[in-house]
Amino acid sequence: MEGELMAEISHRLVEVNGINMHIAEKGEGPVVLLLHGFPELWYSWRHQILALAARGYRAIAPDLRGFGDTDAPPDVSSYTMFHVVGDLVALIHTLGQEKVFVVGHDWGALVAWSLCLFRPDKVRALVNLSVAFRPRSPDRKPVETFRALYGDDYYICTFQEPGRTEAEFARIPTALVIKKFLTYHDPAPVIVPKENGFAASPDKEITLPSWLSEEDVDYFASKFDKSGFTGGLNYYRALDLNWELTAPWTGMQIKVPVKFIVGNQDLIYNIPGVKDYIHKGGFERDVPFLEDVVVIEGAGHFINQEKPQEITDHIYEFIQKF
């Protein structure tokens, strides 16, 4: 992103919930909290920060626990939704806010759903990208479910083994790791080859799409070079722990106004059963204040970066009603 535009975004560390959290912010007005996914950072929202600030909002994008310039506790057990949502509740308090607008993508979307489940009193309205709410299944843990769907080589299953993926990532330049993820534009599941795992050389040289520059990749890579990937991977490793801890919330609905946006090429949208859930009544049953579902044709998973103007317009169109 252009240097002078980036310079307009201010950065600081805030103490929340026992950790130091880095936030990027710009603008004055109602707060919009932007929550990133994996392997991403506040930077994934660079376009929305500038555009929302220009439209009269105070856009705030934290590096979530374990990412970027925010502290990364070592233990998997420090990455439950209670910890991550606790960080955000403390952040909202630190910002002097009663309620904020929330926008989430990928893991940030899952965190946003959990925030709405645990503390709906903190959320004015939610725009979530890519990952629909799925109620907790009392019958089977998430990792078992993924294993049954896709086998042991599905990326979320391979991420479970401590140190394995970090070692694979370490065998190739960090910039290549970032490129492999951010340029993935395929509705098929990510299956990790057994021999080299993520270090397997790509079939052909990775050409960056128009929406992603070498400069963007270098920014992500510079931060992951410093922090490593363990913090981000710990979100996946805490999936089953979250399942155990959230048993009391089984059957709970999301009771805030919601808009949901997904690309039709998004691998998560193409998981078996997801489209039926979203479009045939299940999603509306579990999220009764779901006001809009937008499917963007031709868009992949990293939709806030791939379609920045469109996503900003959708966010603005929704939150300005409240």
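The values are calculated or read from the model by the stated rules, or taken from the named source; none is laboratory data. Note that the structure is a prediction, hence the values are computed from the model and not measured. Cβ coordinates were reconstructed from backbone atoms using ideal geometry, including for glycine residues, and neighbour counts include every protein chain displayed. Ligands, DNA and RNA are excluded from the accessible area calculation, which covers all protein heavy atoms including side chains. Shrake-Rupley method; radii C 1.70, N 1.55, O 1.52, S 1.80 Å.
Rundown of residues vs (1) surrounded by 16 or more Cβ atoms within 10 Å (Cβ to Cβ); (2) part of a loop (DSSP other than H, G, I, E, B), yes/no style:
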residue	(1), (2)
GLY232	yes, no
PRO248	no, no
ILE261	yes, no
ILE271	yes, yes
TYR277	yes, no
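Just the residues that are surrounded by 17 or more Cβ atoms within 10 Å (Cβ to Cβ) and in contact with a Pro (Cβ under 8 Å, 6 or more places away or on another chain), please, taken from segment 132-154.
TYR150, TYR154
Looking at segment 187-196, which of its residues are part of a loop (DSSP other than H, G, I, E, B) and either within 22 Å of PRO142 (Cβ to Cβ) or free of Cβ contacts under 8 Å to residues at least 12 places away in the same chain (or both)?
PRO187, ALA188, PRO189, VAL190, VAL192, GLU195
Give me the pairs, please: first residue somewhere in segment 106-126 and farther than 18 Å from TYR236 by Cα, second residue anywhere and open to solvent by 40 Å² or more (accessible area, probe 1.4 Å) and assigned to a helix (DSSP H, G or I), beta-carbon distance under 6 Å, and either six or more positions apart or on two chains.
Here the result reads LEU117/TRP249, each pair linking segment 106-126 to a residue that is open to solvent by 40 Å² or more (accessible area, probe 1.4 Å) and assigned to a helix (DSSP H, G or I).
Exactly one condition in (1) open to solvent by 60 Å² or more (accessible area, probe 1.4 Å); (2) free of Cβ contacts under 8 Å to residues at least 40 places away in the same chain is not met by ALA199; state its number.
For ALA199, the exception is condition (1).
Every residue in segment 23-53 that is in contact (Cβ under 8 Å) with a residue 40 or more places away in the chain and within 16 Å of ILE92 (Cβ to Cβ), please.
ILE23, PRO30, VAL31, VAL32, LEU33, LEU34, LEU35
Exactly one of these conditions fails for PRO162: (1) crowded, with 16+ Cβ neighbours inside 10 Å; (2) more than 22 Å from VAL31 (Cα to Cα); (3) in contact (Cβ under 8 Å) with a residue 40 or more places away in the chain. Give me its number.
If we test PRO162 against (1) crowded, with 16+ Cβ neighbours inside 10 Å; (2) more than 22 Å from VAL31 (Cα to Cα); (3) in contact (Cβ under 8 Å) with a residue 40 or more places away in the chain, just (1) comes out false.
Report, by residue number, each residue of segment 114-130 that is of a type in the set (A, V, I, L, M, F, W, C) and surrounded by 24 or more Cβ atoms within 10 Å (Cβ to Cβ).
Scanning segment 114-130 gives LEU115, CYS116, LEU126, VAL127, LEU129.
What's the number of the only condition in (1) in contact (Cβ under 8 Å) with a residue 40 or more places away in the chain; (2) open to solvent by 40 Å² or more (accessible area, probe 1.4 Å); (3) over 20 Å from the mean Cα position of the chain (by Cα) that ASP225 fails to meet?
(3)
Only one residue in LEU13, LEU41, LEU88, LEU50 is under 24 Å from SER222 (Cα atoms), of a type outside the set (Asp, Glu) and either open to solvent by less than 10 Å² (accessible area, probe 1.4 Å) or touching a Ser or Thr at 6+ places or on another chain (Cβ under 6 Å) (or both). Which one?
Answer to the selection: LEU41.
Taking the condition in a helix (DSSP H, G or I), within 20 Å of GLY300 (Cα to Cα), among the hydrophobic types (A, V, I, L, M, F, W, C) and in contact (Cβ under 8 Å) with a residue 40 or more places away in the chain, does VAL143 pass?
Considered against the rule, which asks whether it is in a helix (DSSP H, G or I), within 20 Å of GLY300 (Cα to Cα), among the hydrophobic types (A, V, I, L, M, F, W, C) and in contact (Cβ under 8 Å) with a residue 40 or more places away in the chain, VAL143 comes out as no.
With respect to the numbered conditions (1) part of a loop (DSSP other than H, G, I, E, B); (2) under 25 Å from TRP45 (Cα atoms); (3) of a type outside the set (Lys, Arg), which one is the sole condition not fulfilled by PHE220?
Every listed condition holds for PHE220 apart from (1).
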